[in-house]
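Have a look at the structure below before the remarks.
The values are calculated or read from the model by the stated rules, or taken from the named source; none is laboratory data. Since this is a predicted model, take the numbers as computed values, not measurements. Backbone-built Cβ (ideal geometry, glycine too); neighbour counts: all protein chains shown.
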Amino acid sequence: MGSTLTVDNIVGATTAANVKLPAGCVLQTLSTTKTDTFVTSSAGPIDITGLSVAITPKFATSKVLVMFNVHIVGFDSGTGLRLLRGSTALGLANTAGAKSIMTAIGYYSNNTSPSAYSGGNTSMSFLDSPATTNATTYKLQAQCYSTNGIVINKTRYDTDNGNASRGSSTITVMEIAQ
């Protein structure tokens, strides 16, 4: 017959922060949702304002699962996202000649309808090993092959009618015990 342990509170021997949970347990979850728009004519990579999240891992051995979903539209080919921990790019593709190197590929819109009124979400998850208990910021950068433009959370033609749509973007981090 199985056993049941019922408690109201678990407190570590010296502080509650020292309680070690089994590997695979989620220790904390933090998330940021960006609902406003972002527009740049920079080829990038350029930080997407308001699309970052900071976490202070409880243990240096923890992994951090980073998940993001970004409504990104580029006005030229080579549109995509870079995920960074601080200033370190994560999950980049292998270098291959003059190709754009990104963490995730975005949506490209040309000048013709209906593409100009369309958009795409780019989603990905990445398991990081930050090896620290210091505050760590994960952020997203946008990049495009040219300076024709990138928009976040809206379509290329953001006209005030039902043809144009707006969305939201998120970045979520979860500390995973090891």
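Only a single criterion out of (1) in contact with a Ser or Thr (Cβ under 6 Å, 6 or more places away or on another chain); (2) at pLDDT 90 or above; (3) not acidic (Asp, Glu) is not satisfied by residue 28, namely (1). In the range 27-52, the residue that is surrounded by the fewest Cβ atoms within 10 Å (Cβ to Cβ) out of those that are among the β-branched types (Val, Ile, Thr) and touching a Phe, Trp or Tyr at 6+ places or on another chain (Cβ under 9 Å) is 49.
Can you work out which of the residues in the range 164-177 that are in a loop (DSSP other than H, G, I, E, B) and surrounded by 14 or more Cβ atoms within 10 Å (Cβ to Cβ) is modelled with the lowest pLDDT? Only one residue fits best here, namely 164.
Here residue 49 clears all of (1) assigned to a loop (DSSP other than H, G, I, E, B); (2) β-branched (Val, Ile, Thr); (3) under 30 Å from residue 159 (Cα atoms) except the condition numbered (1). Against the criterion of being surrounded by fewer than 18 Cβ atoms within 10 Å (Cβ to Cβ) and of a type in the set (Ser, Thr, Tyr), residue 122 does not qualify. Of the candidates 43, 13, the single residue that is at pLDDT below 90, closer than 29 Å to residue 159 by Cβ and assigned to a loop (DSSP other than H, G, I, E, B) is 43.
When residues in the range 22-61 are screened for being among the basic types (Lys, Arg) and touching an Asp or Glu at 6+ places or on another chain (Cβ under 6 Å), 0 of them pass.
Counting only residues that are surrounded by fewer than 20 Cβ atoms within 10 Å (Cβ to Cβ) and either under 23 Å from residue 147 (Cβ atoms) or touching a Cys at 6+ places or on another chain (Cβ under 6 Å) (or both), the range 53-83 holds 3 of them. Pairs meeting the criteria (first residue in the range 117-142 and over 17 Å from residue 78 (Cα atoms), second residue among the aromatic types (Phe, Trp, Tyr), beta carbons under 7 Å, at least 6 apart or on different chains) are 117/157; 124/68; 133/59. One residue is enough: does the range 93-104 have a residue meeting the conditions among the polar types (S, T, N, Q), farther than 25 Å from residue 135 by Cβ and without any contact (Cβ under 8 Å) to a residue 40 or more places away in the chain? Within the range 93-104 (the criterion being among the polar types (S, T, N, Q), farther than 25 Å from residue 135 by Cβ and without any contact (Cβ under 8 Å) to a residue 40 or more places away in the chain), the answer is yes, since at least one residue qualifies.
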